[in-house]
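The values are calculated or read from the model by the stated rules, or taken from the named source; none is laboratory data. Just so it is clear, the model here is predicted, and its values are computed rather than measured. Note that we place each Cβ from the backbone using ideal geometry, even for glycine, and neighbour counts take in every protein chain shown.
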Amino acid sequence: MGLEAIYTELIAEQSRNPENKHHLTAPTVVLKGRNPSCGDEISLELRVENDRIADAAFTGVGCAISQASTSMMIDLIKGKTVAEAKRLMALFFGMIKREITDDAVLEELDEAAALKNVANLPARVKCAVLSWHTLEDALQTEKEK
Amino acid sequence: MSDSQEFRKDFPLLGQKMNGKPLVYLDNGATTQKPESVIQSMCGYYGGCNANPHRGAYALSVEATDIYENARVRVQRFIHAPAAREVIFTKNATEALNLAAYSYGMTNIGSGDEIVITIAEHHSNLVPWQQVAKAKGAVLKYIYLEADGNLSTDDIAAKITPKTKLVAVTQVSNVLGLVNPVREIAARAHAVGAVLVVDGSQSVAHMAVDVQELDADFFAFSGHKMLSPMGIGVLWGRAALLDAMPPFLTGGDMIEYVTEQHTDFAELPAKFEAGTQNVGGAAGLTAAIDYLEKIGFDRIGAIEKDLLDYALPQLRQLPFITLYGCDTTQNNKTGIITFNVKDVHPHDVATILDAEGVAVRAGHHCAQPLMQYLGVNATCRASFYFYNTREDVDRWIAALKKVREVMHLGA
Ligand SMILES: Cc1ncc(COP(=O)(O)O)c(C=O)c1O
Ligand SMILES: [Zn+2]
């Protein structure tokens, strides 16, 4: 079931000491994401300038998968345009739903591609997608401003 | 030594594998497995006597009515209620508690009145009272805990006052696994003229319950936590209270006579059972009561205590395990063990145990205010039933020892 593959040292490391876990000085949008069924919580902070995610960070508590997934997402989207972030989001959702399985395509997700095997753990999929759903909502909030 | 082996053959699901390993089912607090006799009773009902009860004047319908009403009498005896008409079927404990809150609470609680519950309540015995308090301008107060997880006796006395109109308490906490002093709380509640609602979700399957001895006014539980199918639950209430309450749901089967602008409601219990009821579930509940009474609660309690006494000392040996609600000295601990693994989130623990075939619950257990009070985000919970064995405990503990390894945290 690929458990070892999922809990690689990388994930354990990311969740223990995530470099993206802090507050931003001047966020333009701050949004909370929660898994009500299990208690994962993140608060995603973005600074969007001219349709570009100039900076991103998060705070929160939760399982290794939710916390690592958030940190990896931030690594990916920082500096990207909103449109690019949305494309990566679609790619991530496609990977988790196993609609996109081609490793060459998934390479773009960089470290986050390590979460591919979470698709084998249906009970944990919501942990992996929490940050991306929060990003989706945050970008929507930002757009509606 | 536990003698649960002989029961296991009655539970088809317990023979299954999970992730390629023989299943160790330790989530009985969430729902129990079903014995063959319960499964057969459901099949028997749908295969042999399915008809809409109460509605048809033909033999099958009469038979369905008999099955349904027989279940009511069996429940009455099972919880030692004074009368069968005081037993209201619902779909689960949650609906039963909502019935009490919306029908009794919304009618009898007013502005400035106080509702007292405990901090250890399941959301099902908390959110409905919060709703009543909000709607009626009443005050919702909490009884807090001693360091060992038991309800504070001082707080019981302090919070239940002449302003208190209703007290709602669980007989056994689904997180801490401690039996609460319901009789003492009833005495206090009644002394100030308040009504006592007891959530029996975690007790009825594990200990003999006598609602009259408890001196409860309402008692709620779900069938699925006591070997029965999902979708059948019970609210018992004192006839005098139920008679005076307005209906909760209205429609078919709960009426005496309907005209264009007015309805006379039926008597108990029909008044609270609108629409077609879960007769198959009631048949299953009857079979479950048969099964439980055959074993007897003395034996069920002894098996669960053996598992508890076998597991706890071993868990205390593991330096990376934190236990919750396990320090009571009042001999009131049931087979629910809530724990955490140091530096590992409960979801990750549950996933790693899952890979070893061990099913435990992880999360907030529908008791977020309790989690906030305990200062934890989430916990894991293992909960025993009489078909669990010491081997199940061994497999669980062996899997726990693997958790930190998988998370690269060392032993
Ligand atoms: C103490 C307690 N109360 C209420 C409930 C709610 O039960 P149900 O979901 O069957 O309505 C549960 C079970 O989850 C429980 O453990
Ligand atoms: Zn999670």
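Listed values, structure above:
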read-out	value
Count of residues meeting criterion [buried (at least 19 other Cβ atoms within 10 Å of the Cβ) and closer than 11 Å to B:ILE321 by Cβ] in the range B:389-406	3
Some residue of the range B:45-63 being of a type in the set (A, V, I, L, M), under 29 Å from the mean Cα position of the chain (by Cα) and either at negative phi or not assigned by TED's automatic domain parsing to the domain that holds B:SER203 (or both)	no
Complete set of residues in the range B:154-170 that are closer than 30 Å to B:VAL360 by Cβ and surrounded by fewer than 24 Cβ atoms within 10 Å (Cβ to Cβ)	none
Top-ranked residue in the range B:232-264 [being of a type in the set (D, E, K, R) and assigned to a loop (DSSP other than H, G, I, E, B); ranked as surrounded by the most Cβ atoms within 10 Å (Cβ to Cβ)]	B:ARG238
Extreme residue, nearest to B:HIS347 (Cα to Cα), among residues of the range A:125-138 that are crowded, with 21+ Cβ neighbours inside 10 Å and of a type outside the set (Ser, Thr, Tyr)	A:CYS127
Subset tally (residues that are small (Gly, Ala, Ser) and either within 16 Å of ligand 1 (Cβ to nearest atom) or within 14 Å of chain B (Cβ to nearest Cβ) (or both)) for the range A:68-79	2
Residue in the range A:91-98 that is of a type in the set (Lys, Arg) and in contact with a strand residue (DSSP E or B) (Cβ under 8 Å, 6 or more places away or on another chain) present	no
Members of the range B:320-360 that are within 16 Å of ligand 2 (Cβ to nearest atom) and either of a type in the set (Lys, Arg) or touching a helix residue (DSSP H, G or I) at 6+ places or on another chain (Cβ under 7 Å) (or both)	B:ASN340, B:VAL341, B:VAL344, B:HIS345, B:HIS347, B:ASP348, B:VAL349, B:THR351, B:ILE352, B:LEU353, B:ALA355, B:VAL360
Candidate set from the range A:20-67 (those that are touching a residue at least 24 places away in the same chain (Cβ under 8 Å), small (Gly, Ala, Ser) and under 12 Å from B:HIS347 (Cβ atoms)); member that is nearest to ligand 1 (Cβ to nearest atom)	A:SER37
Qualifying position, being at positive phi and buried (at least 21 other Cβ atoms within 10 Å of the Cβ), among B:GLY284, B:GLY325, B:GLY357	B:GLY325
Matching strands (runs of 3 or more DSSP E) fully within the range B:319-401 where at least 3 residues are more than 10 Å from every other protein chain (Cβ to nearest Cβ) and under 18 Å from the mean Cα position of the chain (by Cα)	B:336-341, B:379-383
